[in-house]
Amino acid sequence: MASPRSTRVLGVDLGSRRIGLAVSDPAGILASPHSVITRSDDEALDHRRIADVLAEVGAELVVVGLPLSMSGAMGTAATAAVKEAEALAGAVGLPVVTHDERLTTVTAERALIANKVRGPARRKVIDQVAATVMLQSWLDARGSLLKRQEAETR
């Protein structure tokens, strides 16, 4: 794997009907929306489609949104996301980590409304925008951690 600062990362927002995808720039600093995968009835097929995107963009790490409750507790949805993230790791053969996705859909919705994206068009992209918000949060947290670690080693 490349250095921690120069790793392309795929963000994944696992919804029950759609999977939103976002990708970082090659330096692993900025997240951008990528696409939405409509869920099939076959989780393995969905994971193969994610693997295809990983290969397409050259990502070396996957960050899956973890839908914690507002209190930060692991509920049913978070437990299911962890289980699917583990299955996804086996399917794609890359490291998969989870990251708190609380309020990402709300943030994405507000951004789309502010940009005057209306109903049907908003529903088509909300999942990839939520994945982008979640991935950017992870990238920012990782960047802060790396800066602290660098400062401590000086």
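Across region 50-101, what is the total count of residues that are among the basic types (Lys, Arg) and closer than 19 Å to residue 9 by Cβ?
Filtering region 50-101 for residues among the basic types (Lys, Arg) gives 83.
After this cut, where a residue has to be closer than 19 Å to residue 9 by Cβ as well, the list is none.
Going through region 50-101 one residue at a time, the tally reaches 0.
Taking residues in region 90-110 that are closer than 18 Å to residue 142 by Cα and acidic (Asp, Glu), and partners anywhere that are in a helix (DSSP H, G or I) and at pLDDT 80 or above, the pairs with Cβ atoms closer than 7 Å and at least 6 places apart or on different chains are 101/134.
Taking first residues from region 59-75 that are touching a residue at least 60 places away in the same chain (Cβ under 8 Å) and partners that are among the acidic types (Asp, Glu) and outside any loop (DSSP other than H, G, I, E, B), the Cβ contacts under 9 Å between residues at least 6 apart in sequence or on separate chains come to 65/13; 65/100. In region 84-104, of all residues being surrounded by fewer than 17 Cβ atoms within 10 Å (Cβ to Cβ) and among the acidic types (Asp, Glu), the one that is nearest to the chain's Cα centre (by Cα) corresponds to 100. The residues of region 111-132 that are in contact (Cβ under 8 Å) with a residue 12 or more places away in the chain and surrounded by fewer than 21 Cβ atoms within 10 Å (Cβ to Cβ), listed by number, are 111, 112, 122, 124, 125.
For residue 139, the criteria (1) surrounded by fewer than 18 Cβ atoms within 10 Å (Cβ to Cβ); (2) at pLDDT 75 or above; (3) farther than 21 Å from residue 47 by Cα hold in every case but one, which is (1). Here residue 9 fits the description: closer than 15 Å to residue 137 by Cα, buried (at least 20 other Cβ atoms within 10 Å of the Cβ) and in contact with a Phe, Trp or Tyr (Cβ under 8 Å, 6 or more places away or on another chain). Residue count for region 5-53 under the criterion of being within 18 Å of residue 125 (Cα to Cα), of a type outside the set (Ser, Thr, Tyr) and under 14 Å from the mean Cα position of the chain (by Cα): the result is 19.
The values are calculated or read from the model by the stated rules, or taken from the named source; none is laboratory data. Bear in mind that the values here come from a model prediction, so they are computed numbers and not experimental data. All Cβ positions, glycine included, derive from the backbone under ideal geometry; neighbour counts span all protein chains shown.
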